[in-house]
Every structure is written in structure tokens, then in C-alpha cells.
Amino acid sequence: MNYCIVKPLTANDSSEIRNIARLSWMWAYRDIYTESFIEEWIRRNYDTEKIRSDISRTHPGGDIIFYGSFVDNRLTGFIETKTTGDEAEILRLYILPDHTRMGIGTKLMDETEKTLLLRGISSVKLYVHRLNAIGIGFYRKRMFRESEIDGDDIKMEKTLVRRVYES
């Protein structure tokens with residue numbers, strides 16, 4: 001893999017974000033949901049205008065943190081985090097299927113956690129489908145712990161600790 005750069009997303013990235021989400025869902029949830037369910041989910045939850053709105057809220061001090069990973073100037077993954085007070089929730093983390101297990105998710109998480117710590121946030125949570133073994137395994141490696149079951153989802157939490165990040 002060529003060098004991966006993580007940086008804030010722009011409104012111009014919104015249609016590619018939708019495409020990455022669709023491909024990632026088709027790959028990660030292929031044994032959980034039907035293709036028609038996934039297509040409908042993406043249509044409802046990845047409206048490009050909503051994504052643009054979320055991206056516009058990523059300015060310093062905004063309540064959304066939206067980073068993308070770029071390999072050879074191509075968007076290969078993204079993470080969206082919402083902050084409320086001194087807590088954060090990871091809303092979305094998706095990587096193109098042919099770019100998984102290359103450290104991209106780790107780079108996205110590292111940059112997000114660094115930003116959260118700089119904002120004084122030390123608690124982060126997320127929800128992952130209980131049958132999403134790929135996601136659960138990744139988050140466990142990142143030191144998230146399972147805290148409760150919420151329908152089909154597992155709530156996972158982590159206390160962030162300051163550490164030295166490489167530039």
C-alpha cells in the first residue's frame with residue numbers, strides 16, 4: 001500500500017463517502033442483511049446533503065469530527081464522530097473492502113482520538129452490530145470494552161489516555 005494520509009473531509013467528498021459506505025456495508029454485512037435492505041439503509045442514511053451538512057460542522061469547536069483516509073489522492077475510508085460535552089460517539093467508520101487490514105482504520109482512529117484528547121474529551125463510545133465480527137475484533141484491539149447490548153448492537157466504550165502520537 002502506498003502512503004495513507006488522514007485529513008478532514010470536504011463537501012466535495014460526500015458522494016464518495018456514500019459509495020464507500022455502500023461497498024463496506026455490502027462486504028461487512030453480506031451475511032447479516034439482504035442486499036435490498038442495505039441499499040435502502042444507504043439511501044436513507046447517506047443522503048449527500050446530510051453528509052455535506054455534517055462535514056460543514058467539522059470546523060474547530062464543531063460537534064462533528066469527520067476524517068478521511070487518502071491513498072494516492074483517492075478516498076479509501078472515513079470516520080465520523082459526534083461530540084457532546086466531554087463525551088464522544090463514533091457514528092461511522094468504513095473502509096473500502098480492498099483496503100481493509102492495511103492499517104487505515106487504525107490511522108483514522110488515532111487521528112480521531114488525538115483530536116478528542118486535544119478537545120478535552122476522554123470518553124468515547126460506539127455501537128456495533130453483534131454479528132459484525134470484523135468490527136468487534138477491530139474495536140477490541142483498540143481497547144474498547146463491551147458495556148451493554150442494545151437490540152442488535154453492542155455498545156462499546158473506551159477511556160482515552162494521552163499518549164505520544166507520531167506525526
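Please treat every number below as a calculation from the coordinates, not as lab data. Computed from a predicted model, the values in this text were never measured in an experiment. When we count neighbours, we look across all protein chains shown, and the Cβ atoms used for this are built from the backbone with ideal geometry, even at glycine.
Taking the Cα centre of the chain as the origin and placing charges on Cβ (Lys, Arg +1; Asp, Glu -1), which of 135, 5, 19 is farthest toward the positive end of the dipole? Working it through, the farthest residue towards the positive pole turns out to be 5. Taking Lys and Arg as +1 and Asp and Glu as -1, the other residues whose beta-carbon sits under 14 Å from that of residue 150 total -3. Bridges between two residues of the chain, per DSSP, are antiparallel at a rate of about 90%.
Mind running the shape call on the stretch 1-86? Use the C-alpha gyration tensor, a ≥ b ≥ c as the square roots of the eigenvalues: rounded below 1.5 for a/c, prolate if a/b tops b/c, oblate otherwise. Before the final figure, lay out each step's value.
Values: a/c = 1.93, a/b = 1.29, b/c = 1.49.
It is oblate, given that a/c is not under 1.5 and a/b is not larger than b/c.
Between residue 91 and residue 35, the simple spin-label model (points 7 angstrom out along Cα→Cβ) gives 2.9 nm. Take the Cβ atoms of residue 162 and residue 129, set R0 to 22 Å, and the FRET efficiency comes out at 0.10. Computed from label points 7 Å out along Cα-Cβ, the spacing between residue 47 and residue 15 is 1.9 nm.
Could you check the simple spin-label distance between residue 26 and residue 73, using points 7 Å along Cα→Cβ, in nm with one decimal? Those two pseudo-labels are separated by 2.6 nm. Charging the Cβ of each Asp and Glu at -1 and of each Lys and Arg at +1, and nothing else, the dipole of the chain about its Cα centre rounds to 420 debye.
How high is the relative contact order of the chain, in percent, with contacts defined as C-alpha pairs under 8 Å that are six or more residues apart? Could the numbers behind the result be given before it?
Working: 254 pairs, mean separation 33.1, N = 167.
With pairs under 8 Å counted, the relative contact order is 20 percent.
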